[in-house]
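Structure first, then comments.
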Amino acid sequence: MKINGIAYRSVWLDADGWSVRIFDQTRLPWEVIPLRLTTWREAAHAIRSMQVRGAPLIGAVAAYGVALAMREDPAALDPVLEALAATRPTAINLRWALDRQRAVLHKLPPAARAAAAYAEAQAIADDDAETCRRIGENGLPLLEEIAARKGRVQVLTHCNAGWLATVDWGTALAPIYMAHDKGLAVHVWVDETRPRNQGAALTAFELGAHGVPHTVIADNAGGHLMQHGEVDIVIVGTDRVTRRGDVANKIGTYLKALAARDNGVPFWVALPHSTLDMRVRDGVAEIPIEERSAAEVTEMTGRTADGRIETVRVVAEGSPAANPAFDVTPARLVTGLITERGRCAASEAALLALYPEKA
Ligand code: MRU
């Protein structure tokens, strides 16, 4: 997708042919800085510190991290896979990408591993970009149907499931970009998504860069807007979908699903195949929920009037804070799933009909 008219992906190989470029998402939207990763440790740090984040992008950067490691020391495959897998626990795409690298590299002699790891990382990135484009195509009819009835579409989304969370296009935002490009009157309510503000900082940035009309709202405003008919559809991304269709996503997603159900607003979840975890059935009981630093709750970072980026404390001194980063929305609250193979119900039977090879 584009920033200032120039097309970017969120991760790419540098012109030197071996180092890896990402945007430092901890600096967005104030500074658009392409960061250069030269070691797998830098890739691991980028994932852990959320310089890159979003389930599919974490997977792609981890895959490039393996390539950097194989360039350095092809004998170190197993410890590197283990260390990268430990960077973040909830998004299953990380393990999916590392499993792909493991399957390719384990059977190769060390001397052949670096070239193969780069090729696999590139394939994972290309696959994600194409998958997300198809998610956009498969979600577009939902928005077209609403626009045909009402003349415009009001979408609410949570966190950032746009191109910055994937390699290109995004998941939840892909249908929105396509609808906007086709000339539909789309407006997006963007949940700010405390505590890290991925909505306010990243979703608003990328929608703005693409010219999509949007409004940032406090996380608690969605229910009120739904009660007053201001939300036609909710579309969110996800970090892991279980066999029966439970959906892990950024903390607060579950509350939006409850409000959507109470107000008869359709609640759709967009995902690529790499986000499906058929080994897990009960998402609430089985999906590990990342607990992040309390400082993300007690502090906020922003730009001052004179242009400095500063972090300030927003919680009373001495009060402890808790920071569960994800929650699970049970399948019964999900209207349906938008995938690269089409739309389906959030159920085991429907998922297996779309992905029989995952049975
Ligand atoms: O903690 P983050 O920013 O990595 O969390 C990201 C989300 O929860 C996204 O909504 C999800 O990964 C879907 S991204 C296509």
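The values are calculated or read from the model by the stated rules, or taken from the named source; none is laboratory data. Keep in mind the model is a prediction, meaning the values are calculated, not measured. Methodologically, a virtual Cβ is constructed for each residue, glycine included, from the backbone with ideal geometry; neighbour enumeration extends over all protein chains shown. Surface areas here come from the heavy atoms of the whole protein model, side chains and all, with no ligands, DNA or RNA. Shrake-Rupley method; radii C 1.70, N 1.55, O 1.52, S 1.80 Å.
Here are the numbers:
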| read-out | value |
| --- | --- |
| Some residue of the stretch 326-339 being more than 19 Å from residue 193 (Cβ to Cβ), surrounded by 14 or more Cβ atoms within 10 Å (Cβ to Cβ) and touching a His at 6+ places or on another chain (Cβ under 8 Å) | yes |
| Residues within the stretch 265-299 that are open to solvent by 20 Å² or more (accessible area, probe 1.4 Å) and more than 16 Å from the ligand (Cβ to nearest atom), tallied | 9 |
| Residues located in the stretch 221-265, provided they are closer than 15 Å to residue 332 by Cα and charged (D, E, K, R) | 243, 244, 246, 256, 261, 262 |
| Which numbered condition residue 32 fails, given (1) more than 16 Å from the ligand (Cβ to nearest atom); (2) open to solvent by less than 60 Å² (accessible area, probe 1.4 Å); (3) of a type in the set (A, V, I, L, M); (4) in a loop (DSSP other than H, G, I, E, B) | (2) |
| Some residue of the stretch 67-82 being under 20 Å from residue 240 (Cβ atoms) and either part of a loop (DSSP other than H, G, I, E, B) or within 12 Å of the ligand (Cβ to nearest atom) (or both) | no |
| Members of the stretch 132-154 that are within 28 Å of residue 229 (Cβ to Cβ), within 14 Å of the ligand (Cβ to nearest atom) and of a type in the set (A, V, I, L, M, F, W, C) | 135 |
| Test: residue 226 is within 27 Å of residue 28 (Cα to Cα), among the aliphatic types (A, V, I, L, M) and in contact with a strand residue (DSSP E or B) (Cβ under 8 Å, 6 or more places away or on another chain) | no |
| Residue within the stretch 175-194 that is more than 9 Å from the ligand (Cβ to nearest atom), in contact with a Gly (Cβ under 8 Å, 6 or more places away or on another chain) and of a type in the set (Gly, Ala, Ser) present | yes |
